[in-house]
Amino acid sequence: MLKTLLAQVREFKKASFLTPFFMILEVLFETLIPLAMASIIDKGVEAGNIGHIYRMGAVMVALALCGLWSGVMGGKYGALASTGFARNLRKAMYTNIQTFSFSNINKYSTAGLITRLTTDVTNLQNAYQMILRMCTRAPASLICAMVMAFLINAKLASIYLVAVIFLGGCLIFIMRKATVYFQAVFRKYDDLNASVQENIGAVRVVKAYVREDYEISKFQKACNKVYEMFLSAEKIVVMNMPLMQFTVYACILGISWLGAKMIVGSALTTGELMSLLTYCMNILMSLMMLSMVFVMLAMSIASAERICEVLNEKSDITNPENPVYEVADGSVTFDHVTFRYNKTSDKPILDDVNLSIRSGETIGVIGGTGSSKSSLVNLISRLYDVSEGAVLVGGKDVRSYDLDTLRDEVSVVLQNNVLFSGTIYENLRWGDKNATDEECRHACRLACADEFIDRFPDGYNTYIEQGGTNVSGGQKQRVAIARALINRPKVLLLDEPLGALDLKLRKQMQLELKRLQKKLHITFIYVTHDQEEALTMSDKIVVMSEGRIQQIGTPEDIYNEPKNAFVADFIGESNIFNGIMTDKLKVRFCGAEFECLDDVEHGTQVDVVVRPEDILIVPPEQGAVKGTVISVVFKGVHYEITVQSGKNEIVIQST
């Protein structure tokens, strides 16, 4: 841990060495002052030598000024070293966080990282300054004062030795007890920050549900936990001062009593007694400073461990030794891919996925919530690494590419789009920092974002607030799409890209994206819950459920020839009945026999898929299946009619 932390001192090593040097210099000057004072009393006051008093008085003033200058310089360099150390720590942590993969980021909460970058670093900054100054000054002052006291009178000085041993034992006991509470209190800080972050981030929801009182109560509980932990720690630490005062006064009384007896017996001079009392205060003040350092260290050890966790965390996604710097084309292949977020998990998120996508194709990936659609596309840009198998882009394993090269050629529009504080131009240039104004405007025209940007008074120089709070969800989404298009990638991953758009604009964007794909020959991989959107946009559709591919095919194949009941129900809200094959291309279900498209062996139990639009409603005497209409709902272009026939509920679409 120490090696990790001290590596961040770097350019402040000089200041870190000069600080203890000046502190020791200050101690030496302070140690000589009591000797000059003793000389004034013994050789000046008692001897009536006024000249000696003036000379030694001048020496004391000079020593005091030199000590003051040394203390000021020590403070200056101590502040420089500690603030520089804190700056380097924050920079190193933030830089390392930027290298984290998604799996690394998942190990830490946002509130926890913020606490580490702020409170924990401040604690270490204070501790480092105290180590450089007090941890140098206090031991040096203690040693010098003890040496001088023993040189004056070893018998009286032994009182200090007893006091030092007693106080040292007490301080160790206090520190060990307090450290436990200080380690726990910073975990409570994470909860406190999380409460604030969650409340502010979702303030509209809080107000909409009138939950202000609940949030205040939750925050108060987090505050109380921090308060209780600090109170428990301070109850132990507060013992430090009474113990210190008891020891100081006991030493003064002991030295005064024994010293007076020795003066009467001519074994000690008055000046020497005054010097011993001064050294008494030096020794005990040194112990008090050390006790403060120990308390600060008890707090900072917990912070240091948390900071080192982040500094020592290594990204599990790194560049190979000899990376590839060019992506040949936009083809994508999943070769027996299995993926787990947690490497020790028994059940994989993606299980033995095989998929081949030609360069320039538009692929729609559809499936229910939790079917691992987003996990699938995240592997293409190597936001995660596969657990087994391989993902290939341009015919090469994504793990063989330089990360910057791969992610420049595989652009992503994520499910939760984020805009950063800055102008629209600045946000667009996240896609290509060298993009010209015209290229930015062209990308916005392609994404249909120009129509609302042009209405802003400042146009493309409009300032976007943090998180894009001053634009709507649909506007934010269109800027995000434009940002992804600006560097003309070979593969564009779109994860629910049109979810926040109104129906009219969504239809318009579907056509624009399809036209754009044909024009630029970009491979589009399109994740959506909207079956109609997938059917409209895609050259090929991938249907997923529970981490497995259920069917791959053209929109026509998927719609007309679903591979199983899940695909049939998901892609078209089909009626699915239990049936039995009665003859060649004939199946019996719902109490009647019908012709079918698939030839299955006679007597086989089958799932029968019947599209709602393929069912006709006729008078009872003309139909094969009888039922009762239980609901009719107008859907805009057709009526959806629900009919109850025995135990079966049949959905019919009719104009």
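See the values below:
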read-out	value
Close pairs from the range 615-636: first assigned to a helix (DSSP H, G or I), partner modelled with pLDDT of 85 or more, Cβ under 8 Å, at least 6 apart	Pro620/Lys626
Positions within the range 592-611 being assigned to a strand (DSSP E or B), out of contact with any Phe, Trp or Tyr (no Cβ under 9 Å at 6 or more places or on another chain) and open to solvent by 90 Å² or more (accessible area, probe 1.4 Å), in sequence order	Glu593, Glu595, Gln605
Contacts under 8 angstrom Cβ, first residue in the range 389-415 being over 18 Å from Ala484 (Cβ atoms), partner in a helix (DSSP H, G or I) and open to solvent by 10 Å² or more (accessible area, probe 1.4 Å), 6 or more apart	Ala390/Arg399; Gly394/Glu409
All positions within the range 458-491 that are under 26 Å from the mean Cα position of the chain (by Cα) and buried (at least 16 other Cβ atoms within 10 Å of the Cβ)	Ile464, Gly468, Val471, Lys476, Gln477, Val479, Ala480, Ile481, Arg483, Ala484
Elements of type helices (runs of 4 or more DSSP H) contained in the range 82-170, each with 2 or more residues being exposed (fewer than 15 other Cβ atoms within 10 Å of the Cβ) and more than 40 Å from the chain's Cα centre (by Cα)	121-152
Of all residues in the range 553-583 being in contact with a helix residue (DSSP H, G or I) (Cβ under 8 Å, 6 or more places away or on another chain) and either more than 20 Å from Ser645 (Cα to Cα) or without any contact (Cβ under 8 Å) to a residue 12 or more places away in the chain (or both), the one that is most open to solvent (accessible area, probe 1.4 Å)	Tyr559
Breaking point among (1) part of a loop (DSSP other than H, G, I, E, B); (2) surrounded by fewer than 18 Cβ atoms within 10 Å (Cβ to Cβ); (3) within 32 Å of the chain's Cα centre (by Cα), for Pro348	(2)
Single residue of Gly364, Gly330 found to be surrounded by 20 or more Cβ atoms within 10 Å (Cβ to Cβ), in a loop (DSSP other than H, G, I, E, B) and of a type in the set (Gly, Ala, Ser)	Gly330
Residue satisfying all of: in the range 33-61; small (Gly, Ala, Ser) and surrounded by 14 or more Cβ atoms within 10 Å (Cβ to Cβ); nearest to Leu18 (Cα to Cα) among these	Ala36
Check on Phe589, surrounded by 20 or more Cβ atoms within 10 Å (Cβ to Cβ), more than 38 Å from the chain's Cα centre (by Cα) and free of Cβ contacts under 8 Å to residues at least 40 places away in the same chain	yes
Some residue of the range 272-281 being in a strand (DSSP E or B), surrounded by 14 or more Cβ atoms within 10 Å (Cβ to Cβ), at negative phi and polar (S, T, N, Q)	no
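Let's see how each residue does on (1) more than 21 Å from Ile363 (Cβ to Cβ); (2) open to solvent by 10 Å² or more (accessible area, probe 1.4 Å); (3) without any contact (Cβ under 8 Å) to a residue 12 or more places away in the chain:
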residue: Tyr526; (1), (2), (3): no, no, no
residue: Gly547; (1), (2), (3): no, no, no
residue: Gln550; (1), (2), (3): no, yes, no
residue: Leu585; (1), (2), (3): yes, yes, no
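The rows are residues; the columns are (1) more than 20 Å from Asp569 (Cα to Cα); (2) in contact with a strand residue (DSSP E or B) (Cβ under 8 Å, 6 or more places away or on another chain); (3) open to solvent by 90 Å² or more (accessible area, probe 1.4 Å); (4) not β-branched (Val, Ile, Thr).
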site: Val625; (1), (2), (3), (4): yes, yes, no, no
site: Tyr639; (1), (2), (3), (4): no, yes, yes, yes
site: Gln644; (1), (2), (3), (4): no, yes, no, yes
site: Gln653; (1), (2), (3), (4): no, yes, no, yes
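The values are calculated or read from the model by the stated rules, or taken from the named source; none is laboratory data. The shown structure was predicted, so the numbers you read here are calculated from the model rather than taken from an experiment. Virtual Cβ from ideal backbone geometry, glycine too; neighbours counted across all protein chains shown. Note: areas computed on protein heavy atoms with side chains; ligands, DNA, RNA excluded. Shrake-Rupley method; radii C 1.70, N 1.55, O 1.52, S 1.80 Å.
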